Amino acid sequence: MADLSPREVERAEFCFSIYDADGTNVIDAIDLGNVLRALNLNPTNATIEKMGGTAKKNEKKMAFDEFLPIFSQLKHDKDQGTYEDFLECLKLYDKAENGTMLFGDLQNMLLTLGEKLEDAEVDTVLKECCEPEDEDGFIPYAPFLRRLCDREEESNQ
């Protein structure tokens, strides 16, 4: 791909190979999102499906030469959210402008906005990434977001 550097292609090959279970340079399309996230992209489930990802195992296979144009397109997609973008969103809930927000607001946001999470998923994320609430029910949101983003990067490596 002309718009990807040799280093980016090498990284893509490496991440792709992690999900290539039998060494045939082919992955199950259910892992498309995992490979893209391992490359530090944040595609939505709808985007993954649109790009050829599947919800069921063994429904479709994808070769590396099919994957590379998808990676290239999404890498240049301006709709990808970054830590800074998410931080700006959480600042909208910081009424006192002191780096905190209500724990309940964060919980509600995760349950109702965008690609909604299930109750159990929200419980896990909050348990693993949130600091304890203060006596008024507030949490610092920047450390939560940093842990969440770092956790996602670690799970995709």
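Screening Asp28, Asp77 for residues that are acidic (Asp, Glu) and more than 17 Å from the chain's Cα centre (by Cα) leaves exactly one candidate, Asp28. Annotation: of all residues in region 31-61 being under 30 Å from Asp85 (Cα atoms) and among the acidic types (Asp, Glu), the one that is farthest from the chain's Cα centre (by Cα) is Glu49.
Can you tell me which residue within region 41-52, out of those that are surrounded by fewer than 16 Cβ atoms within 10 Å (Cβ to Cβ) and not in a helix (DSSP H, G or I), is modelled with the highest pLDDT?
Gly52
Residues considered: Asp105, Asp31. Of these, the only one that is in the same structural domain as Lys127 (by TED's automatic domain parsing), buried (at least 17 other Cβ atoms within 10 Å of the Cβ) and either outside any helix (DSSP H, G or I) or not polar (S, T, N, Q) (or both) is Asp105. Number of residues in region 130-147 that are buried (at least 18 other Cβ atoms within 10 Å of the Cβ) and either among the charged types (D, E, K, R) or within 21 Å of Thr44 (Cβ to Cβ) (or both) equals 2. Whenever a residue of region 2-23 is more than 13 Å from Asn34 (Cα to Cα), its partners that are not acidic (Asp, Glu), lying with C-beta atoms within less than 6 angstrom and at least six residues away or across chains, give the pairs Asp3/Ser72; Leu4/Ser72. Restricting to region 110-138, give me the number of residues that are assigned to a loop (DSSP other than H, G, I, E, B) and within 21 Å of Ala96 (Cα to Cα). Total satisfying the criteria: 8. Among residues of region 80-106 that are within 20 Å of Pro132 (Cβ to Cβ), none has a Cβ under 8 angstrom from a residue that is surrounded by fewer than 13 Cβ atoms within 10 Å (Cβ to Cβ) and hydroxyl-bearing (Ser, Thr, Tyr) at a sequence gap of 6+ or on a separate chain.
The values are calculated or read from the model by the stated rules, or taken from the named source; none is laboratory data. Computed from a predicted structure; not experimentally measured. When we count neighbours, we look across all protein chains shown, and the Cβ atoms used for this are built from the backbone with ideal geometry, even at glycine.
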